[in-house]
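Below is one structure, written out as structure tokens; the observations come after it.
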């Protein structure tokens, strides 16, 4: 496994080793010992989640607050997505900054999203299967979010607005300024 830094403090990309031969390929997608050695972070993942999305489905930007905040290790096992994270940690050197990265089934890269980040993605393929490990359990009372088209963040989702499919719940999310105030 190889580590690649991103412009956001503590947010990293992990590139697992991929072994190909005539039969197909093999990849070790997670190994706690390797994760700790490479990142220096001792994280105990307690929940795995999976979503299936069609082209243009946008999920996010979501986060959990307070004691129920979650770090996530995300990847795509089918298709292609644009993944976006926003640093909401007020004491961070990269507070308020965002980073986007395309994850797909071919590269198999993973994005580590620390606690205190908002996270979202949009499916760029006909079907995307997105999986993620979380270091804390989901808690409905602790969920939060930021509207996908926030003017302050000015995120580029790589698709025209008319191609986006967004849940009613996500269309009601507050702005970045409302969340941080």
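A helix-only calculation puts the chain at -2000 deg cm²/dmol for mean residue ellipticity at 222 nm, using -39500 (n - 2.57) for each DSSP H run of at least four residues, averaged over all residues. Values of log10 I(q)/I(0) for segment 2-180 across q = 0.09, 0.10, 0.19 Å⁻¹ run -0.30, -0.38, -1.41, by the Debye formula with one identical scatterer at each alpha carbon and no solvent.
How high is the relative contact order of the chain? Use alpha-carbon pairs under 8 Å, at least six apart in sequence, and give a whole percent. Write down the numbers at each step before the final one.
On the way: 398 pairs, mean separation 51.4, N = 181.
Relative contact order of the chain: 28 percent.
Site pair residue 77 and residue 178 shows an inter-label distance of 3.5 nm when each label is modelled 7 Å from Cα along Cα→Cβ.
The numbers here are math on the coordinates, done by the rules we state, and not lab data. What you see is a predicted model, and the numbers here were worked out from it, not measured in a lab. Every residue, glycine among them, receives a Cβ derived from its backbone with ideal geometry; neighbour counts consider all protein chains shown.
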